[in-house]
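Laboratory data are not the source of any read-out in this text; all were calculated from the coordinates shown. This structure is a prediction, so every number in the text was calculated from the model and none was measured. Cβ placement follows ideal geometry from the backbone for every residue including glycine, while neighbour counts extend to all protein chains displayed.
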Amino acid sequence: MTSATQPVIRIENLTKTYASGVTALHGVSLDILKGEIIALLGPNGAGKTTLISIICGVATASSGRVTVKGHDTVTDYRAARALIGLVPQEISLEPFEPVINTVRFSRGLFGRPRDDARLEEVLRALSLWDKRHARVMELSGGMKRRVLIAKALAHDPEILFLDEPTAGVDVELRKEMWELVRELKAQGTTIILTTHYIEEAEAMADRIGVINRGRLLVVEEKTTLMRRLGKKRMVIELQEPLAELPGALAPYRLELSEDGRRLTYHYDTTATRTGITRLLADLAGAGLRVRDIETAQSSLEEIFVDLLREEEARP
Amino acid sequence: MNWIAILAIYRFEMARTFRTIFQSILSPVISTSLYFVVFGAAIGSRIAEVEGISYGSFIVPGLIMLTVMTQAISVASFGIYFPKFIGTIYEILSAPVNFIEIVIGYVGAAATKALMIGVIILATATFFVEVRIEHPVWMVAFLVLTCISFALMGFIIGIWARNFEQLQLVPLLVVTPLVFLGGSFYSITMLPEFWQKVTLFNPVVYLISGFRWSFFGMADVAVGASFAAIALFTGLCLAVIWWIFRTGWRIRN
Ligand SMILES: Nc1ncnc2c1ncn2[C@@H]1O[C@H](COP(=O)(O)OP(=O)(O)OP(=O)(O)O)[C@@H](O)[C@H]1O
Ligand SMILES: [Mg+2]
């Protein structure tokens, strides 16, 4: 973070233990910068929704503190919440209400005077204008999700939270959603979104925070993090078992399986050279015959384990 | 005060009422008419008068109270339970509003609907019996306060309830019996001595008695006591709601 960019949201040591005894957050601290898109990446149950809920006032923290532009979200909640729009993970809408009414309601609820021209803009941007008089229950799932976004944008928030905006959304709509997020960013909105997918975080975010089991493992510029996340492994099955690795292959830092039949090579898909071509040539040069080759993306879980190990190894 | 937000909640809730306006008006008209047919004609032929007032007229205030109380509770409890149930409560919780504003919006809308129904019943009653109102200002005061306080109670029930059964439970097991036994259809002086004493522990007796006094100038209990009872009840509900929002009980999480 450069000294010029003030954080719009400052999260300090946030913990949350639910009444059921589950601790969903173990001391999360994070600064969110003005105008950035930050993706919170993590598997089911990581604590993403809990974190967002606390910032937005939907849940209470067990300890710790959040400020939005300097306003404490508990003691100065009016000022803090007025700046925020929230699109929840679950589709929750009044089924019998016409679209326009629920959007108008949202704007009023946040204390903004009625402005139908502005609502028209929002609804048009989300391709919902034609559906404005339809009752919510008559809409498709993707449209309902867009209604939720329209509601969140109705009061012109400076900060937008999108909790899994693309869950249950088809490819085309997903692209549109990404486009919309970029437009909002261009207008100066700060955006925090959550996702399960590395690719989605990569496509949309400036920075990525990886969260698992209630801990924020890393927060980094997307490009930096992708280098760490973009690891793949290649498993090479040999015709004949090998007792030990030939010296010529040492630079590749291969792992030899116990039965001597499999070699595992780790490489980085984002690097300019993966080293695969040379490795294969050197294998042939060392007289090893290959039966099969298999490559796989490191799974999210593997990456978490890796990250966790790396973080722990740091002084 | 965030009046825009209050108005937004109030309007949204009232829209729910007006969407079903026909049903909202028709059902109290029909049920009132039935009460007059059953109680007025059947029982009224045996009890000609209660303390100098024809039985048909005598039951009008009780009938209004009965309906207004149950309606205020059911509308208000449903009004806040439904967003909890379908999850739209997130928006209320994330909005820059305080609990007083939320309560004014929801309770105000429920009380308005109850009041509307009360007025409809009163109007319907005039088709069947002669209704005179001796203290109209007090009548309005009692009616409005009853609508508000029972809507407050409904609001609490709606937040407390974890499912639809619980939502019905308190009205069914507590409120309806208290209202029926609270002298809606009889003067408590008609009861044996012992039961008259027991009845005085029923808070609804004070409300109905005070309301009836505003019509006919006669009451089972002192009017001051009636007014104190309803003020106390309103205060109690407000205190509970204040505590609910302070602790986030059954709403945040
Ligand atoms: N209301 C609740 N009461 C009790 N435990 C809860 C509650 N909400 C969430 N949890 C628990 O807290 C943990 C974090 O849940 P959370 O919903 O924040 O995860 P998430 O990262 O949003 O997951 P997902 O990707 O599935 O949406 C989980 O173990 C979950 O079971
Ligand atoms: Mg979630």
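What to note about this one:
- Expected 222 nm ellipticity per residue - DSSP helices of 4 or more, -39500 (n - 2.57), all of chain A, to 500: -10000 deg cm²/dmol
- Cα convex hull of the range A:61-103 - mean projected area over all directions, nm²: 4.6 nm²
- Cβ-derived FRET efficiency at R0 41 Å, A:Ala296 paired with B:Asn98, nearest 0.05: 0.15
- Low-density loop cleavage sites - GluC sites (Glu not before Pro) in the range A:237-294, where at most 12 other Cβ are within 10 Å (DSSP): A:Glu244, A:Glu258
- Of all the options B:Tyr90, B:Tyr81, B:Tyr55, the one that moves most in a Gaussian network model of chain B with Cα springs shorter than 10 angstrom is B:Tyr90.
- Candidates A:Glu221, A:Glu172, A:Glu138: whichever shows maximal mean-square fluctuation once chain A is modelled as a Gaussian network with Cα springs under 10 Å: A:Glu172
- Here the relative contact order of the range A:7-227, from alpha carbon pairs under 8 Å that lie six or more residues apart, stands at 29 percent.
- With the simple spin-label model, which puts each label point 7 Å out from Cα in the Cβ direction, the B:Thr126 to A:Thr17 separation comes to 6.4 nm.
- Virtual spin-label span in nm between A:Thr269 and A:Arg309, 7 Å along Cα→Cβ: 2.0 nm
- Long-range tail of P(r) for chain A (Cα pairs > 26 Å, %): 55 percent
- Spin-label proximity, A:Ala248 to the range A:265-289 - amide N less than 18 Å from point 7 Å beyond Cα toward beta carbon: A:275-289
- Alpha carbon centroid spacing (whole Å) that separates the range A:145-192 from the range B:156-231: 52 Å
- For chain B, the longest principal axis of the Cα atoms and the long axis of helix B:55-86 meet at an angle of about 10 degrees.
- Each residue of the range B:5-19 is assigned a 3J(HN,Hα), and the resulting list reads 5, 4, 5, 4, 5, 4, 4, 4, 5, 5, 4, 4, 5, 6, 5 Hz, derived from the Karplus form 6.51 cos²θ - 1.76 cosθ + 1.60 (θ = phi - 60°), x at Gly and Pro.
- Value of relative contact order over the range A:134-279, rounded to a whole percent, pairs C-alpha under 8 Å and six or more apart: 15 percent
- ³J(HN,Hα), Karplus 6.51/-1.76/1.60, whole Hz, each residue of the range A:230-237, x for Gly, Pro: x, 7, 10, 10, 10, 9, 10, 8
- Ascending count of other beta-carbon atoms within 10 Å, so fewest first, for B:Phe164, A:Phe105: B:Phe164, A:Phe105
- Sorting B:Ser214, A:Ser62 by the number of Cβ atoms found within 10 Å of their own Cβ, with the fewest placed first, yields A:Ser62, B:Ser214.
- Dividing the C-alpha radius of gyration of the range B:3-247 by 2.2 N^0.38 Å, with N its residue count, gives 1.03.
- Dipole magnitude (debye, nearest 20) for chain A, charges at Cβ of Lys, Arg, Asp, Glu: 740 debye
- Label point distance in nm, B:Gln196-A:Arg261, each placed 7 Å from Cα along Cα→Cβ: 10.0 nm
- Estimated FRET transfer efficiency (B:Glu51, B:Leu169; beta-carbon r; R0 30 Å; 0.05): 0.25
- Each eigenvalue of the Cα gyration tensor of the range B:139-234, multiplied by 5 and square-rooted, gives one semi-axis; in descending order these are 25, 17, 10 Å.
- Folded to 0 to 90 degrees: helix A:99-109 orientation relative to chain A principal axis, Cα: 80 degrees
- For A:93-105, mean number of other protein chain Cβ atoms within 10 Å: 3
- Sites A:Glu90 and A:Arg233, calculated FRET efficiency, Cβ-Cβ separation with R0 41 Å, nearest 0.05: 0.70
- Taking a straight line from the alpha carbon of A:Lys231, these lysines sit under 20 Å away, with near neighbours fewer than eight places off in the same chain left out: A:Lys222.
- For the range B:11-106, the C-alpha radius of gyration divided by 2.2 N^0.38 Å, with N the number of residues, is 1.54.
- Reference-scaled alpha-carbon Rg (2.2 N^0.38 Å with N residues) for the protein assembly as shown: 1.34
- Between A:Gly45, A:Gly27, A:Gly275, the residue with the greatest mean-square fluctuation in the GNM of chain A (Cα pairs under 10 Å linked by springs) is A:Gly275.
- Cβ crowding within 10 Å, taken as a proxy for footprinting-reagent exposure, orders B:Val175, A:Val219 from fewest neighbours to most as A:Val219, B:Val175.
- Angle in degrees between helix B:223-247 and the longest Cα principal axis of chain B, rounded to the nearest 10: 20 degrees
- Whole-Å semi-axes of the range A:78-190's equivalent ellipsoid (Cα gyration tensor): 19, 18, 13
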